[in-house]
Structure formats: C-alpha cells, structure tokens
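The values are calculated or read from the model by the stated rules, or taken from the named source; none is laboratory data. Model, not experiment: these values are computed from the prediction. Glycine also receives a Cβ, built like all others from the backbone with ideal geometry; neighbour counts cover every protein chain displayed.
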Amino acid sequence: MSEWCPRCHKKSVVLVKRNQNKGLKYYRCKHCGYEFVRRYSCLKLVTVHLPEFYIKGLEELVRRGRYPNKSEAIRVAVRDLLARELWNREEVC
Ligand SMILES: [Zn+2]
C-alpha cells in the first residue's frame, strides 16, 4: 500500500528508512518535503458509530482524492486531534 503525504496529500512519498524493532517507517514527501513516521505494526480495529452525514463527508473527501479511503481520513483526523490536544506537536504516527 502506497503512503500519502499527511500534509499535501500527494502520493509522492518515499520510504527513507525503517526501524524493524520499533515497527516504524520513516517517509519523506518529494512534493512538499514533509517528513513523517508511520507505525505499521500497531493498527487496531475500533468500531465507532458516526452520524450518516459524517460518513457522507468522508466519502466525499475520498471521492475528491484527498484521502485513499475513509480509514485514512479518520486516522488523519484523530492524529490531528491528538497532536493538538495531547502531544502539542505535529509528529505523526
Ligand atoms: Zn507532501
């Protein structure tokens, strides 16, 4: 699965290095230069009830090519919430 840049949403992302022990992958966006980290071994399933118009909105973002799928859009939204409310930084998982 190819990664999307969390900042500019382009698919021009290259894998810089990986840390097998921590399950981390380091990426850089060739388009905007943004560097970010993904944890690829820590995805867990969470079931959430959402209002239908949230889901329609998420599907519209996917249709416009902003995100590859609804899951990725939700991950970005949760990441931004946690960065703002909890981590006080923009570093990404
Ligand atoms: Zn970018």
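Mind checking which pairs have a first residue in the stretch 72-85 that is surrounded by fewer than 16 Cβ atoms within 10 Å (Cβ to Cβ) and a second that is among the aliphatic types (A, V, I, L, M) and not in a helix (DSSP H, G or I), Cβ under 9 Å, 6 or more apart or different chains?
A83/V92
Condition first: of a type in the set (D, E, K, R) and within 19 Å of N69 (Cα to Cα). Now tell me which residues in the stretch 17-57 satisfy that.
Kept after step one, since they are of a type in the set (D, E, K, R), are these residues of the stretch 17-57: 17-18, 22, 25, 28, 30, 35, 38-39, 44, 52, 56.
Correct list: R38, R39, K44, E52, K56.
Which residues, counting only those in the stretch 1-24, are part of a strand (DSSP E or B) and within 16 Å of the ligand (Cβ to nearest atom)? Talk me through it step by step, then tell me what you get.
To start, the set of residues in the stretch 1-24 that are part of a strand (DSSP E or B) comprises 13-19, 24.
Listed by number, the residues that qualify are V13, V14, L15, V16.
Test L61 against the criterion of being modelled with pLDDT of 90 or more, surrounded by 11 or more Cβ atoms within 10 Å (Cβ to Cβ), closer than 15 Å to R75 by Cβ and over 15 Å from the mean Cα position of the chain (by Cα), and give yes or no. Even if it seems obvious, please write down each step before you answer.
On the way: modelled with pLDDT of 90 or more: yes; surrounded by 11 or more Cβ atoms within 10 Å (Cβ to Cβ): yes; closer than 15 Å to R75 by Cβ: yes; over 15 Å from the mean Cα position of the chain (by Cα): no.
For L61, the condition - modelled with pLDDT of 90 or more, surrounded by 11 or more Cβ atoms within 10 Å (Cβ to Cβ), closer than 15 Å to R75 by Cβ and over 15 Å from the mean Cα position of the chain (by Cα) - is not met.
Is it the case that the stretch 25-41 has a residue that's under 18 Å from A73 (Cα atoms), away from the ligand (no atom under 16 Å from the Cβ), in contact (Cβ under 8 Å) with a residue 12 or more places away in the chain and of a type outside the set (D, E)?
Yes, some residue in the stretch 25-41 is under 18 Å from A73 (Cα atoms), away from the ligand (no atom under 16 Å from the Cβ), in contact (Cβ under 8 Å) with a residue 12 or more places away in the chain and of a type outside the set (D, E).
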